[in-house]
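Report on one structure; see the data block that follows.
The values are calculated or read from the model by the stated rules, or taken from the named source; none is laboratory data. None of the values given here were measured: they were computed from a predicted structure. Here the Cβ positions follow ideal geometry from the backbone for every residue, glycine too, while neighbour counts run over all protein chains shown.
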Amino acid sequence: MTITGYLRDLAPDLAEGGAVVYRLELDTGPVDLMPYLGRPVRLVHTGEKACVWCGRRVKKLFPNGSCYPCFRDLPQNDLCVVNPHTCHYETCRDQQWGNAHCMVPTYLYLARSSDIKVGLSRNLPGRWLEQGAVEAVPIARLPNRRMAGELEQLLSRHLPDKTNWRKMLKGEVSAAPLEEVRQQVLALVPEEYRPYLLPEEEQVTWRFAYPVTGPVESISPVDLDRGPAAGILVGMKAKYLLLAADPEARAAGKVQVVNIPKYAGYHVKIDFGSPESVSGV
């Protein structure tokens, strides 16, 4: 089967029992990737690029698949998106967007993706799946994104607020008991934020299992600007497609990875092979 379209995202969903399932988002619609695990996949950039926000054809894309005007003007591209404690709702580029994304209750959580980290999400499981967390627990629910970001910044002095993506994909995670870390973090919460801590019965640990079908021992990022991504689809985790060049590489855990959001706005052609054609990747 062959599919063409402009890349948008690699979107995870939570299924029964904590299993994570994936679909590839294109401008032409979603593609369920689960039936293609273990099959050859070839993903080629055709050379065309278009802004994911306005659709304008461009030669160069900026972060988040933006053309320059959208990168400059849209609130989705403001620095406060990645630094929520700097949220400036009063001078937001788009008040309506700010109402929907910033002036809403926001969870603060702990998640085990590489190290145990602190993070924020408007909904659950939300960011946990996007970051490849295998275990997570919500701690507090703040009235807005800025307050949640301020508490996150305070706690990040004591534990990480970022994921090591290589360790995450290899399954190299901290062995520290999450419950023990949770208790330590609760003791660090300043008095002014304590009214926003969740009740004990809501601080429940979630666990997740990702569709990765073999070991991941070594990782080689794929650059779609230099050539296609091709191989056996051995899994998806966080925002990455995992491919093995051939059955031998798959058995040895030698994996090529494609960071799908990095190529948002790229026009691609995707060929999905049959199970019988695996040896001919």
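Identify, please: which residue in segment 222-271 is surrounded by fewer than 23 Cβ atoms within 10 Å (Cβ to Cβ), under 15 Å from residue 170 (Cα atoms) and of a type in the set (D, E, K, R) and is, among those, nearest to the chain's Cα centre (by Cα)?
Only one residue fits best here, namely 239.
Residue by residue through segment 50-84, note down the ones that are part of a strand (DSSP E or B), crowded, with 17+ Cβ neighbours inside 10 Å and in contact with a strand residue (DSSP E or B) (Cβ under 6 Å, 6 or more places away or on another chain).
Result: 50, single match.
Can you report the number of residues in segment 7-32 which are charged (D, E, K, R), closer than 19 Å to residue 66 by Cα and either touching a residue at least 40 places away in the same chain (Cβ under 8 Å) or buried (at least 17 other Cβ atoms within 10 Å of the Cβ) (or both)?
Adding up the residues that qualify gives 3.
Give just the number: which of (1) at pLDDT 95 or above; (2) of a type in the set (A, V, I, L, M); (3) surrounded by fewer than 16 Cβ atoms within 10 Å (Cβ to Cβ) does residue 120 not satisfy?
All conditions are met except number (3).
Sort through 245, 238 and tell me the only one that's closer than 26 Å to residue 6 by Cα, modelled with pLDDT under 95 and in the same structural domain as residue 26 (by TED's automatic domain parsing).
245
Among the numbered criteria (1) surrounded by fewer than 20 Cβ atoms within 10 Å (Cβ to Cβ); (2) more than 19 Å from the chain's Cα centre (by Cα), which single criterion is violated by residue 151?
The single condition residue 151 does not satisfy is (1).
Take the residues in segment 116-132 that are of a type in the set (A, V, I, L, M, F, W, C) and assigned to a helix (DSSP H, G or I), then tell me which one is nearest to residue 205 (Cα to Cα).
128
Taking segment 151-198 as the region of interest, how many residues are basic (Lys, Arg) and either assigned by TED's automatic domain parsing to the domain that holds residue 220 or in a loop (DSSP other than H, G, I, E, B) (or both)?
Number satisfying all stated conditions: 2.
Anything in segment 114-148 that is over 16 Å from the mean Cα position of the chain (by Cα), under 17 Å from residue 85 (Cα atoms) and not charged (D, E, K, R)? List them, or say none.
Of everything in segment 114-148, those that are over 16 Å from the mean Cα position of the chain (by Cα), under 17 Å from residue 85 (Cα atoms) and not charged (D, E, K, R) turn out to be 140, 142, 143, 144, 147, 148.
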